[in-house]
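See below for the structure under consideration.
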Amino acid sequence: MDVALTPARAVDAARAVDAARPLAGTAVRALGDSAALRVAVRRLRALGCAVETGGEPPPDDAPAGWLGVTGVPFRDSGAARPECRIGWSGPVAVPMTGERDVQAACGIMEVHGRAYGGPRPLPVDYLSVCAGVLAVQAVTAGVLALLRDGQALVARTSAAQAALLTLTQHIAVATAAPTSDEPDPPGGPDGAGGGRRAVPRRSGPPTACASRSTRSTPNTGGGSGPSWARNRPRSPRAGRRSSGVSAPPPARCPPDSGR
């Protein structure tokens, strides 16, 4: 029979939790011998759990391993306990029995092989490690739910789900809408707040140029070249070599046909 967790008892339990070992006093039983389960066992022990491992195989619906909480310091021994079942395929409708199968079926080899011209497997148990970490997160969440007087949770995870989680950034880049516009710099498009001022792009020839009268204006400022080029106001950022941005060249008009 479950014992209700009163506010006073919750405060006492919270005070007894070591920040570095938040699961101290929790007992867990582990079944299986996959890399995912071994990673989960090491992490649970680092968090303070007393993990019991045995030679028994995991359940059929958890081919990569099974974790079950057998005791917590704030619940009766007869109460239901959280557990986590680790598989290979999970909800993915493809039969998988190991790390290489998941890498091939879920696109890890394809992404890793882009630099080599073809699919290439990762030489480490990357997805097994990720699945083990997810399993530990599930067990920790289940213990936290019990601490808050919640129900025992039964979680399921798999190496395939871990693979899809690790590929989210690649999927986002591949499915993003193409755009030719650069994002505004920090502070807005005008460069306020220390951001670099964006230079507008031109999709065609200049729509305006100096008039003929301007080009024929006598040289009154010294130097050579047309006056519109000499008298063009300098950008307030001109001369700042550290920014690495040079002013765009002035638009030039076509030569006079009569000259």
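Worth a mention:
- Sorting the segments 55-68, 112-125, 31-44 by their mean number of nearby beta carbons within 10 angstrom, highest to lowest, gives 31-44, 55-68, 112-125.
- Close amide-amide hydrogen proximity is noted between ARG156 and ARG85, each under 5 Å apart and 5 or more residues distant or on a separate chain (H modeled in the peptide plane; Pro and chain starts excluded).
- Extension gain from GLN151 to ASP61, taking 0.36 nm per residue of separation minus the Cα-Cα distance: 30.2 nm
- Taken over the stretch 7-173, the percentage of Cα pairs per 10 Å bin, counting from 0 up to the bin with the maximum distance, is 11, 36, 29, 17, 6, 1, 0.
- Ratio Rg/Rh [Cα only; Rh per Kirkwood] for the stretch 92-153: 1.21
- Loop sites in the stretch 81-156: GluC sites (Glu not before Pro), DSSP, at most 12 other Cβ within 10 Å: none
- The magnitude of the dipole of the stretch 86-186, with charges of +1 and -1 set on the Cβ of Lys/Arg and Asp/Glu and taken from the Cα centre, is near 360 debye.
- ILE86, ILE108, ILE171 arranged by Cβ crowding within 10 Å, fewest neighbours leading: ILE171, ILE108, ILE86
Bear in mind these aren't lab numbers, they're just calculated from the coordinates by the rules spelled out. A quick note: this is a predicted structure, and the numbers were derived from the prediction, not measured. With ideal geometry, Cβ positions are generated from the backbone for all residues, glycine too; neighbour counts draw on all protein chains shown.
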